[in-house]
Structures are given as structure tokens and as C-alpha cells.
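Comments concern the structure below.
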Amino acid sequence: MGNEFRKIAVVGLGYIGLPTATMFAGNGLEVVGIDTNLGIVNKVNEGKVHIIEPDLEDRVAEAVKSRKLRASTTVEESDAFIIAVPTPFKGDHKPDVSYVDAAASSIAPVLKRGDLVVLQSTSPVGTTLHIAELMSKLRPDLKFPSLGDDVADVHLAYCPERVLPGKTMYELVHNDRVIGGVHDCCSQKAKALYKLFVAGECLETDSKTAEMAKLTENSYRDVNIAFANELSIICDKLGIDVWELIRLANHHPRVNILKPGPGVGGHCIAVDPWFIVDSAPQEARLISTARRINDSKPEWVLDKIDEALKKLKAKDGNGKQSVVVCLGLSFKANIDDLRESPAVEIVELLASRHSCDIVVVEPHVESLPSRLGKVSNVRLSSLSDALRVGDIFVGLVDHDVFKNIPLNNLAGKTVVDAKGIWPTGKSASGAEGADSAMAAGNSAGRSPSRTGH
């Protein structure tokens, strides 16, 4: 059945679209990647990438060289179309599917009988049926699938990704996929497409269930992170080391508490639960509460930084302006993705609250994001320079390079560790530190003072 797919169009060349396009190209299909950003299009056509993902650049270079992959700003006639565009929410946490609508509208003019359209973007329940209706209005000469009628010229399905940034290329192949067709015949056709490179199991269902499955997976994570974040706040009030507490509690054979942090970021976990809340606001009580707990965590971290600055000012008494070093900007460790990152929010709010110098260390980006680039008291720095000039060190992202900072390099400094980067008493690289000096608020001797959990 795979022979029916000779050419694939992937609309959206972001963190999922480009790897997906590369996978199909690597399996012998002609693939055209569509993006409205001409810079991205030109870069891909040069065999280069605009995102950091292990193994991706080599795969793209190989696919472009073999002429199996190219990029364009214009949608072309193809046998299958994959929509992989952003689905953010608006200011009131309402889902914004305008990018999906635009992608579907751009595909409609080139559709022909027998084509397959797959939505990969994380979307509110019912979006696949919505774009079927949208395209049917644009192409009244073609029959699109609808509930209760499985006879169609064009097949539609929903197939979300479930990959871990940093392992995308491996997990695209080996993870199981949920295939949700508007009808069974749509699911079967979509399954035939993905089995061209997916080694994991392809699980067939209907489009609405598949959409909800993706939202459920990320909401499950969000609720569990909210428990850990709330626990960290409680432990701080009671004077308990939350990292030690979680380590001990997780020795229970049926307990697996996640790590707390400065909030929740990324396009998925920080966004998707709101799609469920929007669909069922009265029923999604736990999900909405978890979202609010995680959204409030950056403010809590900022309060800890405020306390540290106040203590330093009282201690110095000479009006010296403190230098705050913020370690990390990405939404998780060892990647360059800043989408919905609580670390970016914390730095931005910190700069608006205080006139102190703020030094940001983010080894995975070459420049500050636009929302920080024009802030006068924020600058991007190397880790070595930050260690030399900093007074307060705020751990926001647990990049490996930060875990390996020996504690003696932080001697005499104040540490606000929101990610548990340094285990109590020593750094990940093994440099010893005084155990008593690692308790919250203790600034004894030459060891770092540590506040926050």
C-alpha cells in the first residue's frame, strides 16, 4: 500500500515538521517541506537546520543531497499532506487554531481524489472534523469524510507526535503512534503512511479520541508536575529539603514523584491542558487547578530572588549593586527550545522589578530572545564570565554543564536552586561542600547560601 505515496508535503518545518519530513525522505519518498518563513526554507534547501536536535542536521543534509527533500513557501500537489503547525492559546487560554486553518486552506486548492490529509498539530477535540468541513467548503467538487458517511474522495486523520526533545529522531521511529481517522478507511490509509518509517505500534481509533489522547498525555504530566511543585512550596515553608524528601518517598514501590521546578514550559505540557479546560470548563477542575499551580511557580521563584537580593543589600550596606546570574532559558535541559519557558518569564519579570545587572547563561542559544534582547540590564554571557562576576546564582534549567559546576566555584555566593541542580552537599561532578551550608537560607562560612526548592 506504501506505493500509493510517492510524494509527501509537510506543512510547517518546526520541531516536529522538519524531523517528520526528514524521516519520510530518508525512506525514499519525495518530500516537500512547506513553511511561510523564507529563512527556514532557504536554510533547509542548503541542507542546514534552524533547530538543535541530535542527528537531525546530518539527516537533513543527506536527504537534501539525495534530492529527496526540499523546501518551499508554496504548497504543491502531493499524495499525502501532513499539517505540523503551531497551535498556541490566546491570552484568555482559548485555543488558537488559526495556523491549522491557514494550512488547511493552503492545501485545499491542490487536493485531488485519493489524497490523504493528516493533522499532527496538538489540537482541541474536534479540530480534524473542523478542517474537513473547512476544506469541503473550499473544494465542493471533492467529497470529504464526515461522521456517518465513510465514502470520500479525500481521507482525513489525526496522528499526534509523542516525542521527547533531544531524542526526537529515535522516538519518531520507535514510539507507538495513535492514528485517528474520521472513519476506519481514513485510519487505515494514515496507518499505511506512517508504517513507512514507524517501527512502533500504530493504534487505530477515531479522530476525536486521538485528539483527546494527546491532550490527556500532556495533562497527566502537568498534574503530576503540579503535585511536585506544590510539594516544594510546602517543604520550603516547613524547612524540609524537598529533593531529599522526594528521593526517600520514591523508594516506595508504587510512588514516583516528579521533580519540581520553576514552572512548566514547552509547547505541549504548558498549553495542552487548557484545550481540555476550554472544552469542558466545569468538569476539568483538577486539570485547571494544576495549570494554575504550575503557572504561579515563576512568581514564587521571583520572591525567593527578591529575598536573596534584600539580604545581600542588608549585608553589604554600601549600596553595591548585586549581579544576578540566571542559569538557563530553555524549557527543559540540554535543548534550545524556549517556547513557553518559565525561565524566560522569570528573567523578564526580574528585570522589570530590579535595576541590578542580570547575567544569563544559556549555552544552547547564540542570542537572547527578542523579549529579553532589548532589556538594558540583561545580557547573555559565558558560564566562566558569570562565575567570575555573579553574586546570586539562580538555577532555572538543569543543563548538564550546570550540574558539573564544582561547589567551590560558588563559594561565598547565594544560590537559589529551582531545579535541584546541585544535590545536597556536593555538585554532580563530585566537588565536596559543607552539608550544613546547603540548607535553605544558611550562609555559613565560605560555602554557598542556598534558598528555595
**Request:** Within segment 180-216, track down each residue that is charged (D, E, K, R) and modelled with pLDDT under 95.
**Result:** Asp184
**Prompt:** If you check every pair at least six apart or on different chains, which have Cβ atoms under 8 Å apart with a residue in segment 354-379 that is closer than 10 Å to Val324 by Cβ first and a residue that is open to solvent by 90 Å² or more (accessible area, probe 1.4 Å) second?
**Reply:** Cys356/Gln321; Asp357/Gln321; Asp357/Arg379; Ile358/Arg379; Val359/Arg379; Val360/Arg379
**Message:** Residues that are outside any helix (DSSP H, G or I), touching a residue at least 60 places away in the same chain (Cβ under 8 Å), exposed (fewer than 15 other Cβ atoms within 10 Å of the Cβ) and touching a strand residue (DSSP E or B) at 6+ places or on another chain (Cβ under 7 Å): does segment 258-265 have at least one?
**Reply:** no
**Request:** Inspect segment 148-166 for any residue being touching a residue at least 12 places away in the same chain (Cβ under 8 Å), open to solvent by 70 Å² or more (accessible area, probe 1.4 Å) and not in a loop (DSSP other than H, G, I, E, B) and give the result as yes or no.
**Result:** no
**Prompt:** Looking at Asp316, Asp306, which one is out of contact with any strand residue (DSSP E or B) (no Cβ under 8 Å at 6 or more places or on another chain) and at pLDDT below 90?
**Reply:** Asp316
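Here's the yes/no breakdown for (1) among the aliphatic types (A, V, I, L, M); (2) surrounded by 19 or more Cβ atoms within 10 Å (Cβ to Cβ):
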| position | (1), (2) |
| --- | --- |
| Gly328 | no, yes |
| Leu338 | yes, yes |
| Ala343 | yes, yes |
| Ser352 | no, no |
| Ser355 | no, no |
| Val359 | yes, yes |
| Ser367 | no, no |
| Arg371 | no, no |
| Asn377 | no, no |
**Item:** Any hit, segment 345-365, residues being modelled with pLDDT under 95, in contact with a His (Cβ under 6 Å, 6 or more places away or on another chain) and not hydroxyl-bearing (Ser, Thr, Tyr)
**Value:** no
**Message:** Which condition from (1) crowded, with 19+ Cβ neighbours inside 10 Å; (2) assigned to a helix (DSSP H, G or I); (3) touching a strand residue (DSSP E or B) at 6+ places or on another chain (Cβ under 6 Å) is the one that Val198 breaks?
**Reply:** (2)
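The values are calculated or read from the model by the stated rules, or taken from the named source; none is laboratory data. Since this is a predicted model, take the numbers as computed values, not measurements. Positions of Cβ are backbone-derived with ideal geometry, glycine not excepted, and every protein chain shown enters the neighbour counts. When the accessible area is computed, the model is the full protein with side chains, heavy atoms only, and any ligands, DNA or RNA have been set aside. Shrake-Rupley method; radii C 1.70, N 1.55, O 1.52, S 1.80 Å.
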